[in-house]
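Report on the structure given below.
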Amino acid sequence: MNPTVEDRVPVLVVGGSLVGLSASLFLGRLGIRHLLVEKHADTSRHPRGRGNNVRTMELFRVAGAEQRIRDAASVLADNHGILQARSLTGDDQEWLFKEIDPGGGLARISPSAWCLCSQNDLEPVLVRCAREHGGDLRFSTELSSFEQDAQGVRATLRNRETGELTTVHADYLIAADGPRSPVRERLGIGRTGPGDLFHNVSITFRAPQLAEVVGDRRFIACYLTHPEADGALLPVDNKAEWVFHAPWHPDTGETLEDFTDERCIEHIRRATGVPDMAVEITGKAPWHAAERVAERYASGRVFLAGDSAHEMSPTGAFGSNTGIQDAHNLAWKLAAVLNGVAGPELLATYEAERQPVARETSARASARSAEHSHPGYAPAPGAAGGRQRGVLTVALGYCYPEGAVVGADPGLPVVPDQMRLTGEPGTRAPHMWLRADGERRSTLDLYEKSFVLLTGTDGEMWRTAVKGATEEFSLGLDCYMIGTGPNDDLVPEDGADWAEKHGTTPEGAVLVRPDGFVAWRAEGRVADPEAALRQVLAALLCRS
């Protein structure tokens, strides 16, 4: 059959799970027309991938989706911590951690917080938000083939319901098509890392009696360690609906068919310590934990994002979060190039920034699985273990020592031992509350559709510099004066010192990228601000 329809879009997104849908939302918010295709008929129906970390929720906040996601996740809003127990009815129980944010310290560094929203609840929200911002989302549609040249990507799509073929000409393609990514395989991109870590079968079931047994232990997950029936128990509604991750050992010849309803019921009863509990199995889905990172994140005009670029252990919920943050990093850079603001070389910084983050994060996730003795995981001798520090640092404090930044310390660790959100180039810009026309805003709310320059005492001089520099680069660059004077745009709450918070002086300035990362910092008065800005922007935007 020959293609019957021709279409052209700036960006084609392949894969409509969490990462692909997030890419659609972020591109739409930036006004980039795009097409997303997903081979399945609908979003996920299985409750998985529930942990959305604070950095991901910051991105959804700026994209206008945070509250809708929290509304969808309200049933699990009071669930915190991970419990480890031999059974739910015995005395051998220990909280690996009881609170995600003990003491409420997170509020000092972010306007957002963690959110427990299962994939089957999150994806429909992202679909609605993406479509509201112009996303063309086509389910039951798969990528049949593609080829690329210096001008773009030519893809053939097939509607799985009608068989209709469509030829799409795109400037760029984002492959968010999962760990077995056909796009990555077609490009011949290899992966490095330990490989498979363990295998589980995720079992959804109904058991109203279990809520009485669990009582007021509102955990995110409970690792049950019965020697004959270990696994992880997760609440879906804290009442009747639950998920149990049972270890699966295909390397010994065990098949999915071996997981009969009868076997699963007996396993769940023994693991929970309730031998007579009524259990109704409602679904089963295999999943695999692995640690792998793609050797390259791009080939020509095709980019990998999410599981197609990296796989990591689920402990710590780093996988989907890292993928969503991939999509955000790539979206603003694609927008800058497509709008003629930046040279195409800017896109090379996607791999330079995101690949090291994936390597560090995947290693930390595996180490955390070892620390928590995740059911089914037997670390190799000599593998990293012991108490893991700085989970929040992995989620929020990672850095870009190289990439689209000027003045970053190349020796800065990608994931530092301690949080360093102090305005250094290559780090996520500091959060502080501001007031403007009676409205309360976080500094992070300023960063999405343009570069932003923050300044203070010499604000008028910097304003003039911004005007001259942006005329040359045809760039949207918002300049905000922060202080309590009559000409200041934003007033810090509680007398906070914006300059001290950002590691500069009142005469200095901080340039922040659309993704909220510090691009450059002037730590004091600059003799010729316009010349300095021109030089910095030329480097950032890959413009000679």
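The values are calculated or read from the model by the stated rules, or taken from the named source; none is laboratory data. This one's a predicted model, so the numbers in the text were calculated from it and none came from an experiment. Every residue, glycine as well, gets a Cβ built from its backbone with ideal geometry; the counts of neighbours run over all protein chains shown. Side chains included, ligands, DNA and RNA excluded: accessible areas come from the protein's heavy atoms. Shrake-Rupley method; radii C 1.70, N 1.55, O 1.52, S 1.80 Å.
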Dimensions in Å of region 322-374 - Rg and Dmax from alpha carbons: 15.2, 50
J(HN,Hα) series, region 66-75, from Karplus relation 6.51 cos²θ - 1.76 cosθ + 1.60, nearest Hz, glycine and proline x: 4, 5, 5, 5, 5, 5, 5, 9, 4, 5
Size descriptor, Kirkwood hydrodynamic radius, that averages inverse alpha-carbon separations across region 1-149, Å: 17.6
Descending semi-axes in Å of region 21-79, equivalent ellipsoid built from Cα gyration tensor: 22, 18, 9
FRET E, pair M419, D261, Förster distance 41 Å, beta-carbon r, rounded to 0.05: 0.30
Alpha-carbon Rg with Dmax, taken over region 131-173, Å: 11.7, 33
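Per Stokes-Einstein, at 10 °C and 1.306 mPa s, what whole-number D in µm² s⁻¹ belongs to region 116-249, with the Kirkwood radius over Cα pairs as the hydrodynamic radius? Before the final figure, lay out each step's value.
Details: Rh = 19.2 Å.
Value of D from the Cα-based Kirkwood radius: 82 µm²/s.
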Area of H80 that stays accessible when all protein chains are in place (1.4 Å probe, Å², to 10): 60
Residues listed by number, region 436-458, amide nitrogen under 13 Å from V491 label point at 7 Å toward C-beta: 436-441
Principal axis dimensions, largest first and in whole angstrom, of region 494-544 by Cα: 42, 28, 12
Fraction of alpha-carbon pairs over 20 Å apart in region 244-328 - percent: 54
Pair T457, R440: separation of 7 Å Cα→Cβ label points (nm): 3.1
Rg ratio (alpha-carbon, reference 2.2 N^0.38 Å) - the chain: 1.01
Segment R180-D42, length gained on full extension (0.36 nm per residue, minus Cα span): 47.7 nm
Two-site label geometry, R128 and K449: point separation in nm, points 7 Å out along Cα→Cβ: 2.3
Euclidean distance of C-alpha centroids, region 207-274 and region 326-361, integer Å: 41
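Convex hull over the alpha-carbon atoms of region 222-288: what's its volume per residue in Å³? Walk me through the numbers on the way to the answer.
Working: hull volume 6.6 nm³, N = 67.
Per residue, the Cα convex hull of region 222-288 comes to 99 Å³.
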Helical mean residue ellipticity (222 nm; -39500 (n - 2.57) per DSSP H run of 4+; nearest 500) of the chain: -8500 deg cm²/dmol
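Once the other residues with Cβ under 11 Å from the Cβ of W332 are scored (Lys, Arg +1; Asp, Glu -1), what is the net sum? Spell out each step's value before the answer.
Working: positive: R29, K333, K449, R513; negative: E448, D515.
Result for the local shell: +2.
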Rounded to 5, the percent of DSSP beta bridges in the chain classed as antiparallel: 70
Whole-percent pair-distance distribution, where bins are 10 Å wide, for the alpha carbons of region 61-152: 12, 27, 26, 19, 13, 3, 0
Segment D91-D196, length gained on full extension (0.36 nm per residue, minus Cα span): 34.4 nm
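Please give the contour-minus-distance gain from H249 to N159: 0.36 nm per residue of separation, less the Cα-Cα distance, rounded to one decimal in nm.
Numbers: separation 90, 0.36 × 90 = 32.40 nm, distance 3.59 nm.
Stretched fully, the H249-N159 segment lengthens by 28.8 nm.
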Helix runs (DSSP H) in the chain reaching 15 Å along axis by Cα, Kyte-Doolittle at least 1.0: 18-29
Region 484-544-region 127-191 distance, computed between alpha-carbon centres (Å): 39
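Could you tell me the convex hull volume per residue, in Å³, taken over the Cα atoms of region 407-515? Spell out each step's value before the answer.
Numbers: hull volume 12.8 nm³, N = 109.
Per-residue hull volume (Cα only) is 118 Å³.
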Solvent accessible area, Å² - D101, 1.4 Å probe, full protein context: 60
Computed E for S140/A240 - FRET, C-beta separation, R0 45 angstrom, nearest 0.05: 0.90
Computed over region 181-246, Kirkwood Rh from alpha-carbon pairs, angstrom: 14.5
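Of the listed pairs K333/K467; K98/K501; K333/K501; K98/K239, which have alpha-carbon separations greater than 24 Å here? Please report the intermediate quantities before stating the final value.
Working: K333/K467 22 Å; K98/K501 31 Å; K333/K501 27 Å; K98/K239 20 Å.
Those over the limit are K98/K501; K333/K501.
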Vicinal HN-Hα couplings computed from phi for region 246-260 (Karplus, 6.51 cos²θ - 1.76 cosθ + 1.60; Hz; Gly/Pro x): 9, x, 10, 10, x, 5, 9, x, 6, 10, 5, 5, 5, 8, 6
For region 233-272, diffusion coefficient by Stokes-Einstein and Kirkwood Rh (Cα), 4 °C, 1.567 mPa s, µm²/s: 113
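Evaluate the charge dipole of the chain about its Cα centre and quote only its size in Debye, nearest 20, assuming +1 on the Cβ of each Lys and Arg and -1 on the Cβ of each Asp and Glu.
On the way: 56 positive and 75 negative charges, 84 e Å.
Rounded to the nearest 20 debye, it is 400 debye.
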